[in-house]
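Colleague: Okay, handing you the structure first.
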Amino acid sequence: MKRTDRLKPLVSHTNKKEQLALKAMTTSKNELEIELKKVKQLKSYKTEYMHKQSIKNVTYSSFELQEFKRFIDQLDQTIIQQREIVTMRRQALDHKWKIWQLTRVNLKAMHKAVDNLNKVERFKEEKIEQKVMDELYQRKIRN
């Protein structure tokens, strides 16, 4: 059995690891995009809500103003928490990207090693074929 044939299961395993790492990275990227949209929606909602409140020509009682302030503060807290989630998702994505890069480098190195072994094996086979041809030619000359 050729050395390259013995390496095929290892190459296949490394390829699967790289594909799984890529899938995990893609999933993480999608999760980050979802969380970023949530931050954008919350900010948009806050802006829209404050704009609606500012264009009304209504006087508010102190209780209503306190409730408005409490609601806006709560909304600000929610935005802060959502930004923290975005930060965590970014870190997770960075981590998964690094893992994918490592598996990709390993896979490329594996393919390069197999290619080099293929070249060596072909060279040896060609050398053997040449030797056989030379021997056949020498026999033909003698006869």
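The values are calculated or read from the model by the stated rules, or taken from the named source; none is laboratory data. Only a predicted model underlies this, so the values are computations on that prediction, with no experimental measurement involved. Cβ sites come from the backbone with ideal geometry, for glycine too, and all protein chains shown count toward neighbours.
Colleague: Being touching a Lys or Arg at 6+ places or on another chain (Cβ under 8 Å) and at pLDDT 95 or above is true for just one of L102, L75. Which residue is that?
Modeller: So the residue among L102, L75 that is touching a Lys or Arg at 6+ places or on another chain (Cβ under 8 Å) and at pLDDT 95 or above is L75.
Colleague: Give the number of residues within the range 78-99 that are of a type in the set (D, E) and in contact with a Lys or Arg (Cβ under 8 Å, 6 or more places away or on another chain).
Modeller: The total comes to 0.
Colleague: Let me ask something else. Out of curiosity, is D134 of a type in the set (D, E), over 28 Å from E18 (Cα atoms) and assigned to a helix (DSSP H, G or I)?
Modeller: So D134 fits the description; yes.
Colleague: Still on this structure, please answer the following. Would you mind finding the one in T87, T59, T47, T27 that is among the polar types (S, T, N, Q) and not in a helix (DSSP H, G or I)?
Modeller: T59
Colleague: Looking at the range 56-106, which of the residues that are under 13 Å from the mean Cα position of the chain (by Cα) and exposed (fewer than 14 other Cβ atoms within 10 Å of the Cβ) is farthest from L36 (Cα to Cα)?
Modeller: That would be L102.
Colleague: Can you tell me which residue in the range 1-50 is farthest from A113 (Cα to Cα), limited to those that are surrounded by 15 or more Cβ atoms within 10 Å (Cβ to Cβ), modelled with pLDDT of 95 or more and of a type in the set (A, V, I, L, M, F, W, C)?
Modeller: This residue is L42.
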